[in-house]
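Read through the structure below, which is laid out as structure tokens, and then see the notes.
The values are calculated or read from the model by the stated rules, or taken from the named source; none is laboratory data. Model, not experiment: these values are computed from the prediction. A quick note on method: Cβ atoms are made from the backbone with ideal geometry, for glycine too, and the neighbour counts reach across all protein chains shown. Remember, those area values only see protein heavy atoms, side chains included, never the ligands or the DNA or RNA. Shrake-Rupley method; radii C 1.70, N 1.55, O 1.52, S 1.80 Å.
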Amino acid sequence: MTGLPEGAAFVLARLEKHGFQGYAVGGCVRDSLLGREPKDWDICTDALPEEMQRVFRDQHVIETGLKHGTLTVMYAHEPYEVTTFRVDGEYTDHRHPDEVRFVKDVVDDLSRRDFTVNAMAWNPKTGLVDAFGGQEDLKKKLIRCVGEPERRFGEDALRIMRALRFASTYGFAIDEATAQAIHRLKHTLQDVAAERIRVELAKLLCGQGAGEILREYSDVIFQILPKLAPMAGFDQRTPYHAYDVWEHTVRAVENAPATEVLRLTMLLHDSGKPEVFTVDEAGVGHAWGHQKASVSIAEEALAYLRVDNATRDRVLQLVEMHDWPMSTERTLLKRRLNRLGEEALYQLIEVQRADALGKGTESVADVEARTAAIRQALDTLIAERPCVTLRDMAVNGRDLMQAGIAQGKTLGETLNWLLNEVLNERLANDREALMAAARAHAAEQQA
């Protein structure tokens, strides 16, 4: 391992200077072995909490969780979490240990951790401590529980979602015994706070292996979002779709850019299809009105997950509009800009690309060419700084009132009429032209 940051090196050296063991542990070791830049450097030690406080008495220390042996040492404004070697007691709430017991052996500490790839420790002098085969599992690209999977998941049900998240994020497989325990114990996720599930689900959806996890562990997804279950195996009976609703959804997720907003959108965009599905006399399936039904299901799912308001609003907007007509035509793009704004419109283009690629009835080349053309047309239009909102118009309400148009309903209707004419390029966004058109329109309305 290389790349130990100065702060982590300082913490380890300070512990050793005072006669204590210290190891980098967990995710930072895993990511370093994978050649990735760790986000955080956690340290474990045989020093007790009160001993750590003495060791770092001249540093800025945050008492993160002394009851569980954890404090945070600040070094150059960066946090380094330091935790005493420990073993955990019972987990009666399937989330937190009822008690912890401090120990002196790093292997005992590693034995309580969730997966082998997270149960490794490293010290610059003693090297890697890997008592459970984590390094070999990294080579095999395998997520495997430390010890008995049922016990690990029984201790903390969130580990079920963490297993899926790690497998998706790293593109790893899940060990057979671990996978079986996930399926058997999925119901224990009901004991986990929705906010914690949301974090893991978002990372899972944005992972490189999201599609395979959604396919193989759909029962876990349906455990936390039961309104999605009817999509599985639901035959759409239409020439426009080659797959059932769930497989289409999975493929759409895979083809969307890896952001929480877009992947949640694709997960939920067709969720209402089974609810509104009908078959015509020719035996062809239809899902008229599924957008509204999908929005309703999405609202419930997002409320359960307790996503932030901005994410919720944008996902619901994109679900509702996911199949709105789109083309390179200027006036249509202007209307879409008026309704959505730049960011959301670019996102809608990505949603429609992912949706089309997930249908399996059109060549990838055709979908990509159409999408690129729409993006280019939108880029060109935006570069012109077009008038697409009332704020962009060369006249405003005060101008119209000075021209004699009364404040109130007539004024508002005239402004909106002018904007519509500009959006459809029947009027230029020119002050004189707009004022003349406004007077004529107001006169017609009063006649």
When residues of region 355-369 are limited to those that are of a type in the set (D, E, K, R) and free of Cβ contacts under 8 Å to residues at least 12 places away in the same chain, the one most open to solvent (accessible area, probe 1.4 Å): Asp366
For region 78-104, pairs from a residue that is at pLDDT below 65 to a residue that is surrounded by 12 or more Cβ atoms within 10 Å (Cβ to Cβ) and among the β-branched types (Val, Ile, Thr), with Cβ under 6 Å and 6 or more apart or across chains, are His94/Thr188
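Enumerate the helices (runs of 4 or more DSSP H) found wholly within region 242-298, keeping only those where 2 or more residues are over 24 Å from Asn309 (Cα atoms).
Working: elements: 245-255, 260-268, 273-276.
The helices (runs of 4 or more DSSP H) meeting that bar are 245-255, 273-276.
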Within region 1-76, which strands (runs of 3 or more DSSP E) (wholly inside it) include 3 or more residues that are open to solvent by less than 40 Å² (accessible area, probe 1.4 Å) and either touching a residue at least 40 places away in the same chain (Cβ under 8 Å) or touching a strand residue (DSSP E or B) at 6+ places or on another chain (Cβ under 9 Å) (or both)? 22-25, 42-45, 70-75
Selection over region 303-322 where residues are open to solvent by 70 Å² or more (accessible area, probe 1.4 Å) and in contact (Cβ under 8 Å) with a residue 24 or more places away in the chain yields a count of 3
Say whether the condition of being open to solvent by less than 30 Å² (accessible area, probe 1.4 Å), farther than 20 Å from Val87 by Cβ and either touching a Leu at 6+ places or on another chain (Cβ under 8 Å) or modelled with pLDDT under 95 (or both) is met by at least one residue in region 143-158. no
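How many of the residues making up region 325-360 are of a type in the set (Gly, Ala, Ser) and in a helix (DSSP H, G or I)?
We begin by selecting, within region 325-360, every residue of a type in the set (Gly, Ala, Ser); these are 327, 341, 344, 354, 356, 358, 360.
Subsequent filtering for residues that are in a helix (DSSP H, G or I) retains 344, 354, 356.
Of the residues in region 325-360, 3 are of a type in the set (Gly, Ala, Ser) and in a helix (DSSP H, G or I).
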Among the numbered conditions (1) within 29 Å of Pro325 (Cα to Cα); (2) in contact with a helix residue (DSSP H, G or I) (Cβ under 7 Å, 6 or more places away or on another chain); (3) open to solvent by less than 30 Å² (accessible area, probe 1.4 Å), tell me where Ile405 comes up short. (1)
Leu400 fails exactly one of (1) more than 32 Å from the chain's Cα centre (by Cα); (2) in a helix (DSSP H, G or I); (3) surrounded by fewer than 18 Cβ atoms within 10 Å (Cβ to Cβ), namely (3)
For region 417-438, what are the residues that are in a helix (DSSP H, G or I), open to solvent by 60 Å² or more (accessible area, probe 1.4 Å) and either in contact with a Leu (Cβ under 6 Å, 6 or more places away or on another chain) or farther than 16 Å from Thr331 by Cα (or both)? Arg431, Glu432
So, in region 323-354, of the ones that are β-branched (Val, Ile, Thr) and within 20 Å of Glu368 (Cβ to Cβ), which residue ends up surrounded by the fewest Cβ atoms within 10 Å (Cβ to Cβ)? Thr328
Output the number of the condition that Thr414 fails; it satisfies all remaining conditions of (1) modelled with pLDDT of 95 or more; (2) β-branched (Val, Ile, Thr); (3) part of a helix (DSSP H, G or I); (4) open to solvent by less than 40 Å² (accessible area, probe 1.4 Å). (1)
